[in-house]
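Structure first, then comments.
The values are calculated or read from the model by the stated rules, or taken from the named source; none is laboratory data. Treat the numbers as computed from the prediction; the structure is a model and nothing was measured. Because the Cβ atoms are built from the backbone with ideal geometry, glycine has one as well, and the counts that use them run over all protein chains shown. These accessible areas exclude ligands, DNA and RNA; they are computed on the full protein's heavy atoms, side chains included. Shrake-Rupley method; radii C 1.70, N 1.55, O 1.52, S 1.80 Å.
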Amino acid sequence: MDGRKALNRWIVAVAAVVVQMCLGAVYAWSVFLKPLMAEFGWSRTEVSLTLTIFLVAYSLSMIFGGRWQDRAGPRRVATVGGILLGLGCILAGRTNTLWWLYLTYGLLGGVGVGLGYGSPISACLKWFPDKRGLATGLAVAGFGAGALIFAPLATRIIVVWGWRQAFLALGITFLFVVVLGARFLIDPPSGWEPIGSKTAKAGKKQDPIDFEWRQMLTTRQFWMLWVMFSLSASSGLMIIGHLAAFAREAGLSAEAAALAVGVLAVLNGTGRIGWGAISDRMGRLQCLRLVFLVMCLAILAFPYLGSALTLLIAAGTVGLGFGGILSLFPALTADYFGTKDVGANYGLLFTAYGIAGVVGPSLGARIYDATGSYYVAFIIMACLCLVAAGISVFAKPPRREM
């Protein structure tokens, strides 16, 4: 397939969703915890370190993958990512020692996802200059939906054939599907614009300035986006990491707690598409500000929840907001710094999410251990969203100042 030939851009969008679903399936990792602990006698902490290694490798390799795909195109980088992820899972099925599990699923799989994650997003941003929010929302929604599809599948395989066969089946699936989907992840021809779009009618003079990543790092707008991303993602990840535990300690049943987690996950995916589409009409920054305020109010409500229904409403609201965060920041990166180097640029911005993944859940745990309650943690996380909303007032696009 020639990257110079214009495709139907919705084919690219569908391929992006399919690839992201496979990459996001790694969050089904929890289904392997107990089987591995039972067979080898490893502690929960030892086995869980695999996911930590994966997340670190994922975050760091995304920077390299972004820079590579800006030069070589998304198809090649996504293909390599799919191969590494598939091999990581296949080899993890031959685990007999912890270091082998860390090396295969943790390191190899993490690098594979890190290389692959930015490619579908970058391709969609370039093919949909008139619908960046919607296109990005679809791509990242695929990532979020991966665990919902592959976790039950892996669980069934584990029950029937064992965890080694589950790793093997997932690895072969990822290897085949991601590599196939990557064939359609190409950049549009130079100068291409969708027919009839506002972007095409406005002409090139309206395009944002393309910032190379070193130039981007010198702008205050990048650091404003980075801080907003880090603060809001910390809040969302704190809720995600402690939702079930909080629900049980609030006196709700295990079924209600599990249902709340499921509702949050589903609305997280819905929010990625919904907020992205809304932002195309409402404006990206205005939409993001609304997301922050909605999350702030929902988190403030948590200490006062008294029923399963109110828990579901609050959890679903946080899920909707968190989904918006993950779809709006990639689109904002393209809006502010252009699409020419969007892979590297968003890879650097995404480090804020990596920091949030450590800060949010761990801060919630520390506060609970110190006080015996999540109350202070909820207040702090709501305040972080409020601070992010305040910063957004001043985060004007850099092209307007140059």
Can you tell which of 233, 370, 344 shows the greatest fluctuation in a Gaussian network model of the chain with Cα springs below 10 Å? 370
Förster-model FRET efficiency, 22 Å R0, residue 160 and residue 37, C-beta, rounded to 0.05: 0.65
Explain nothing, just compute: Karplus ³J(HN,Hα) = 6.51 cos²θ - 1.76 cosθ + 1.60, θ = phi - 60°, for every residue of region 80-86 in order, whole Hz, x for Gly and Pro. 4, x, x, 5, 5, 5, x
Which are the unpartnered cysteines of the chain, meaning those with no other cysteine Cβ under 4.7 Å from their Cβ? 22, 89, 124, 287, 383
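Taking a probe of 1.4 Å, how large is the accessible area per residue of region 234-348, in Å²?
34 Å²
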Using the Cα gyration tensor of region 195-352, with a ≥ b ≥ c the square roots of its eigenvalues, what is the shape: rounded (a/c below 1.5), prolate (a/b larger than b/c) or oblate (neither)? prolate
Can you tell me the equivalent ellipsoid semi-axes for region 323-402? Use √(5λ) from the Cα gyration tensor, largest first, whole Å. 31, 15, 9
Check the chain and count each lysine pair with an alpha-carbon distance under 18 angstrom, considering only pairs eight or more places apart or from different chains. 12
Through the Karplus equation 6.51 cos²θ - 1.76 cosθ + 1.60, θ set to phi - 60°, convert the phi angles of region 308-317 into ³J(HN,Hα) values in whole Hz; use x for Gly and Pro. 5, 5, 5, 5, 4, 5, 5, 5, x, 5
Honestly the chain on the Cα gyration tensor test (a ≥ b ≥ c root eigenvalues; a/c under 1.5 rounded, otherwise a/b vs b/c for prolate or oblate) is just oblate
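Whole-Å semi-axes of region 1-101's equivalent ellipsoid, largest first, each the root of 5 times a Cα gyration tensor eigenvalue?
33, 14, 11
Using a 1.4 angstrom probe on the protein heavy atoms only, line up 218, 95 by accessible area, largest first.
In descending accessible area the options line up as 218, 95.
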Whenever you get a sec, compute what percent of the accessible area on the chain sits on carbon and sulfur atoms (1.4 Å probe). 67 percent
Most mobile of 340, 131, 34 in a GNM of the chain (Cα contacts under 10 Å): 34
With a ≥ b ≥ c the root eigenvalues of the C-alpha gyration tensor of region 300-354, is it rounded (a/c under 1.5), prolate (a/b larger than b/c) or oblate? prolate
Would you compute the Debye intensity of region 111-166 from its alpha-carbon atoms alone, equal scatterers and no solvent, and pass along log10 I(q)/I(0) at q = 0.18 Å⁻¹ to two decimals? -0.70
Residue-wise HN-Hα coupling along region 215-220, computed from phi with Karplus coefficients 6.51, -1.76, 1.60 (Hz; x: Gly, Pro): 5, 4, 5, 8, 8, 6
What's the center-to-center distance, using Cα atoms, between region 352-394 and region 140-197 in Å? 32 Å
Within-15-Å neighbourhood charge of residue 148 [Cβ basis; K, R +1; D, E -1]: +2
Answer with one residue from 158, 304, 35: the one whose Cα lies farthest towards the positive end of the charge dipole of the chain, charges on Cβ with Lys, Arg +1 and Asp, Glu -1. 158
Could you compute the FRET efficiency for residue 227 and residue 94, with r as their C-beta to C-beta distance and R0 at 45 Å, rounded to 0.05? 0.55
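Can you give me the accessible area per residue for region 1-101, using a 1.4 Å probe, in Å²?
The answer is 46 Å² per residue.
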